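The block underneath contains the structure these notes are about, expressed in C-alpha cells.
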Amino acid sequence: MSASFGRQIRSLVRRNLIHIKRQPEALTDVTIQPVMFVLLFAYVFGGSINIPGGSYREWLLPGIMAQTMAFSSFVVAIGLNNDLQKGIIDRFRSLPIHRPSVLLARAISSVMHSSIGIVVMSLTGLIVGWRIHEGVGKALLAYLLLLLFGFAMIWIGILVGSSMDSPEAVNGVMFATMFPITFLANTFAPPEGMPTFVRVIAEWNPISALVQAMRELWGNTGNFPTPEAWPLQHPVLVSIGWSVLISVVVAPMALRAYNRRTTN
Amino acid sequence: MTPPNASPTIEAIDLVKTFGDMTAVDRVSFQVPTGSVLGLLGPNGAGKTTTVRMMTTLTPPTSGTGRIAGHDIIKEPAAVRRSMGLTAQSATVDELLTGRENLRLIADLYGIDKQRTRSLADELLERFSLTDAADKVAKQYSGGMRRRLDLAASLVAAPPVLFLDEPTTGLDPRSRQELWEVLRGLVKEGTTLLLTTQYLEEADNLADNVIVIDKGRIIAEGTPLQLKDRSGAARLVVTLSRPEDIPQAHELLKGVIPELHLDEDVRQFSGPADLASINTLASLLADHEIEVDDLGLKRPSLDDVFLSLTGHRAEEAAK
Ligand SMILES: Nc1ncnc2c1ncn2[C@@H]1O[C@H](COP(=O)(O)OP(=O)(O)OP(=O)(O)O)[C@@H](O)[C@H]1O
Ligand SMILES: [Mg+2]
C-alpha cells in the first residue's frame with residue numbers, strides 16, 4: 001500500500017498551495033514588492049538613467065523579473081524551514097512515501113509561486129510601456145531562461161532552509177546575500193558607469209547574463225552597444241551555464257544539508 | 001511469513017546512538033510482544049525520543065538494530081514505515097490545514113483509495129471528537145485537540161504497531177484521561193504500543209511492561225507491579241483526627257508496627273505492614289476511641305521506584 005510517486009507529489013503540492021491560499025501575504029514578494037520596484041525605478045530614478053534609442057522602463061523590466069526569480073530562493077528556504085521547524089517533515093518521513101517527494105513538491109510549488117511573479121511582472125510591464133519586440137520563439141526562450149534560473153535558485157533555497165535554525169534566520173541570511181547580489185548587476189543600471197571593481201563583479205554576476213539575455217531576446221536594449229564583457233556578449237549560453245553550474249554545485253550540498261538536518 | 005505471536009512485534013537489539021562524544025542511547029534492548037504495551041519511562045534527556053526515532057527509521061542507530069513486525073529497521077525501512085504509526089513528541093499536524101485536510105493528506109500519501117479517503121477522514125474525526133472542528137485550521141485547535149488530530153493522523157493506515165512519544169505531556173488531567181481511554185481501546189483491538197512518558201502514573205496506567213531508562217541506559221524493567229515490589233513493602237499510613245491522641249496511639253501502634261514513623265505536624269503514623277495488620281489496628285484504635293481521618297495501605301508508587309533506582313526523583317531530574 002504505497003501511493004504512486006505522482007499522487008504523492010500532487011498531494012504535497014496541493015498542500016503547499018493551500019498554504020499560499022491561507023497566507024496570501026506570503027505572495028507579496030511576487031506581487032506588491034516587484035510592482036513597487038517597477039514604479040520606484042521607472043518613475044523615481046528612471047529620469048536620470050538614459051537608454052539611447054530606447055526606454056528605461058523597457059530596459060528595466062527584465063532586471064526586475066530576474067530579481068523576482070532570484071528571490072524565489074527565499075520562498076523555498078522559508079517554506080522548507082517552517083516545515084522542518086514544525087516537525088511536519090518528520091511526519092512525512094515516517095510514512096511509506098518516496099524519499100524525494102517532499103523536496104520535489106516544494107520545488108514545484110515554489111516555481112508556481114514564482115510564476116505568479118512572472119505573470120504579474122509581465123502585466124505590470126505592459127501597463128508601464130514594456131513590450132516584446134522580437135518573435136515568439138525568442139520571447140519564449142527568455143521565459144525559459146528565467147525558469148531555469150529559478151530552478152537553480154531552488155537548490156540555494158533548500159541549502160539555506162535546511163541549514164538555518166529558524167525562519168527569521170533564513171530571512172536574515174537571504175536578505176543580507178540575495179539583495180546585494182541582485183543590485184550588483186545590470187538589473188537597474190548599466191554596469192558601464194560603475195567603479196572598475198564593482199563593474200567586474202556586475203559583469204560576471206549570473207543575474208547580469210540572464211538579464212542581458214532577456215533584454216536581447218525581447219528586444220529591450222534600445223541602441224545600447226553590446227557590452228564588452230565576455231559573459232554579456234554571449235548572455236544566453238552564459239546564463240544557461242550559470243544555472244547549470246549553480247545547480248550542479250549547490251544541489252549536492254543542499255541534499256547533504258537536508259539529510260543531515262532530517263536524520264538527526 | 002511467520003505465524004502471529006511467534007516473535008515479538010517490536011524488538012530493539014543493542015541500540016546505540018551517539019552525538020559526538022555524547023552517548024544518548026547506550027545498548028538498549030527490549031521486546032514488545034504482539035498486542036501488549038511497553039512504557040519507556042525516563043526523565044528529560046534520558047534518550048526516549050532518540051530511541052523512538054531510531055525504531056521508526058527517522059534516524060539511523062550508531063550501532064545495533066531493531067525489528068518492527070519482523071522487518072529490520074535498517075535494511076527494510078520502507079516495510080517498517082508501512083507497519084507502524086508514529087505520534088512524535090511535538091505535534092506534527094499542519095497548522096494551516098484543517099483537521100480534515102490534514103487527515104486526507106496523510107491518506108493520499110499512503111495511497112488509500114480516493115473514495116475511502118473521504119469516509120476514513122470522517123470516521124477518524126468522529127472517533128477523536130473532532131467533527132465539530134473538522135473544517136477549522138489546526139492553528140485554532142487547543143493543545144489537546146492537536147494531540148488527538150496527531151494521533152488520528154498516525155492511525156490513518158490502521159498500523160498494527162504504534163509509537164507514541166510523550167502523548168499526554170502538556171495536557172490537562174481530563175484530556176489525559178480521554179487519551180488514555182482511546183489508547184486502551186486501540187490495545188483492545190490488538191495494536192502493539194510503545195509509549196514514552198515522564199509520568200510514572202501513565203506507565204502504571206497503560207503499560208504491561210515498563211522499562212526505566214536514565215542517561216541512555218536501561219536501569220530497570222518489569223511489570224509495574226514488579227517494579228513497585230522492588231522498592232520495598234507496602235506501608236501502612238494512619239492519620240489521626242486529634243493531636244491529643246498521639247501519645248496513646250503511639251503506644252498502641254508500636255505493638256503492631258515495630259518500625260513506626262511519626263510525622264507529628266500532620267498527625268500521621270506510617271511503617272511497613274501488611275493487609276492483616278490493618279484489621280488489628282482498626283479495631284485497636286476503635287476500642288480506645290481514637291478517631292482517625294484516614295487509615296490505609298499505601299503501595300509504593302513508580303515515583304518511589306525511580307527514587308530507589310536512581311537516587312533522584314524523576315520530576316527533579318526533569319527540571
Ligand atoms: N540531534 C541531536 N544532536 C545532539 N544531541 C542530541 C540530539 N538529539 C538528542 N540529543 C541529546 O541526546 C540526549 C537524549 O535526548 P532525547 O531527546 O532522546 O531525550 P528524551 O528522553 O526524549 O528527553 P525529553 O523527555 O526531554 O523528551 C539528550 O541529552 C539530548 O540533548
Ligand atoms: Mg523526548
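The values are calculated or read from the model by the stated rules, or taken from the named source; none is laboratory data. Because the structure is a prediction, the values reported are computed rather than measured. With ideal geometry, Cβ positions are generated from the backbone for all residues, glycine too; neighbour counts draw on all protein chains shown. Surface areas here come from the heavy atoms of the whole protein model, side chains and all, with no ligands, DNA or RNA. Shrake-Rupley method; radii C 1.70, N 1.55, O 1.52, S 1.80 Å.
Which value in nm describes the separation of the simple spin-label points at A:L144 and B:E264, placed 7 Å from the Cα toward the beta carbon?
It is 9.6 nm.
For the protein assembly as shown, what is the percent of antiparallel DSSP beta bridges, rounded to the nearest 5? Please report the intermediate quantities before stating the final value.
Numbers: 34 of 52 bridges.
The answer is about 65 percent antiparallel.
So, in nm, how far is label B:K75 from label B:A286 when the simple model puts each one 7 Å beyond its Cα toward the Cβ?
Between B:K75 and B:A286, the label points sit 6.8 nm apart.
Using only the alpha carbons of the stretch B:48-152, what is the convex hull's orientation-averaged projected area in square nanometres?
7.4 nm²
Of all the accessible heavy-atom surface of chain B, with the other protein chains kept in place and a 1.4 Å probe, what percent is carbon and sulfur?
Using a 1.4 Å probe with all protein chains present, chain B comes out at 49 percent carbon and sulfur.
Please state the Cα pair-distance histogram of the stretch B:235-299 with 10 angstrom bins from zero: what percent is in each bin?
For the stretch B:235-299, the binned pair fractions read 23, 66, 12 percent.
Using a 1.4 angstrom probe on protein heavy atoms only, which residues from the stretch B:80-128 are buried by at least 50 Å² of accessible area when all chains are present rather than their own chain alone?
At a threshold of 50 Å² (probe 1.4 Å), the residues of the stretch B:80-128 that become less exposed are B:R81, B:R82, B:T92, B:D94, B:L96, B:L105, B:D108, B:L109, B:Y110.
What is the percent carbon and sulfur in the accessible area of the stretch A:145-264, measuring with a 1.4 Å probe over the protein chains and ignoring ligands?
70 percent
Of the options B:P77, B:G45, B:V238, report the single residue whose Cα projects farthest towards the positive end of the charge dipole of the protein assembly as shown (beta-carbon charges: Lys, Arg +1; Asp, Glu -1).
B:P77
Which one of B:G170, A:A42, A:S73 has its Cα pushed farthest toward the positive end of the charge dipole of the protein assembly as shown, where Lys and Arg give +1 and Asp and Glu give -1 at the Cβ?
Farthest towards the positive pole: A:A42.
Viscosity 1.002 mPa s, temperature 20 °C: what is the translational diffusion coefficient of the protein assembly as shown from Stokes-Einstein with a Kirkwood Rh over Cα pairs, rounded to a whole number of µm²/s? Intermediate results must be reported in sequence, preceding the final value.
Values: Rh = 28.3 Å.
For these conditions, the coefficient is 76 µm²/s.
State to the nearest 20 debye the size of the charge dipole of the protein assembly as shown about its Cα centre, where the only charges are +1 on K and R beta carbons and -1 on D and E beta carbons.
So the dipole magnitude of the protein assembly as shown works out to roughly 2940 debye.
Quick one: pull the percent of accessible area on the stretch A:16-127 belonging to carbon and sulfur, 1.4 Å probe, ligands and nucleic acids left out.
Solvent-exposed carbon and sulfur of the stretch A:16-127 make up 69 percent of the total.
For the stretch A:25-80 and the stretch B:93-149, write down the distance between their C-alpha centroids in whole Å.
Centre-to-centre (Cα) distance: 40 Å.
If you project the alpha carbons of the stretch A:109-264 onto the principal axes, what extent comes out on each, in Å, largest first?
56, 35, 26
Under a point spin-label approximation (7 Å from Cα along Cα-to-Cβ), what is the A:R10-A:I116 distance to one decimal in nm?
Once both label points are built, they end up 2.2 nm from each other.
Return the value, in Å² to the nearest 100, of accessible area buried between chains A and B (probe 1.4 Å, both sides summed).
In total, chains A and B hide about 2800 Å² from solvent.
Taking only protein heavy atoms into account and a 1.4 Å probe, give the accessible area per residue of the stretch B:1-69 in Å². Working shown, then result.
Values: 2840 Å² over 69 residues.
About 41 Å² of surface per residue is accessible.
Using a Gaussian network for chain A with springs between C-alpha atoms less than 10 Å apart, which of these wobbles most: A:T124, A:T31, A:T196?
A:T196
Per residue, how much accessible area does the stretch A:97-172 show when a 1.4 Å probe rolls over the protein heavy atoms, in square angstrom?
Per residue, the stretch A:97-172 has 44 Å² of solvent-accessible surface.
Excluding ligands, DNA and RNA, what is the solvent-accessible area per residue of the stretch B:235-299 at a probe of 1.4 Å, expressed in Å²?
Numbers: 3950 Å² over 65 residues.
It amounts to 61 Å² per residue over the stretch B:235-299.
For B:I213, enumerate residues with amide H under 5 Å from its amide H, sequence gap 5+ or separate chain, H modeled in the peptide plane.
When sequence neighbours closer than 5 places are left aside, the close amide H contacts are B:L41, B:G42, B:I219.
Only four residue types carry charge here, +1 at the Cβ of Lys and Arg and -1 at the Cβ of Asp and Glu. Report the dipole size of chain B about the Cα centre in Debye, rounded to the nearest 20.
That gives chain B a dipole magnitude of about 1620 debye.
Mind jotting down the distance between the C-alpha centroids of the stretch A:208-248 and the stretch B:39-59, whole Å?
Computed from Cα coordinates, the inter-centre distance equals 54 Å.
When averaged across all projection directions, what area in nm² does the alpha-carbon convex hull of chain B cover?
Mean orientational projected area (chain B, Cα hull): 20.8 nm².
Can you tell which of B:L130, B:V266, B:T223 lies farthest toward the positive end of the dipole of the protein assembly as shown, using +1 and -1 charges on the Cβ of basic and acidic side chains (Lys, Arg; Asp, Glu)?
The residue sitting most towards the positive pole is B:L130.
Which value in Å does the Kirkwood hydrodynamic radius of the stretch A:5-263 take, with 1/r averaged over all unlike C-alpha pairs and then inverted?
18.9 Å
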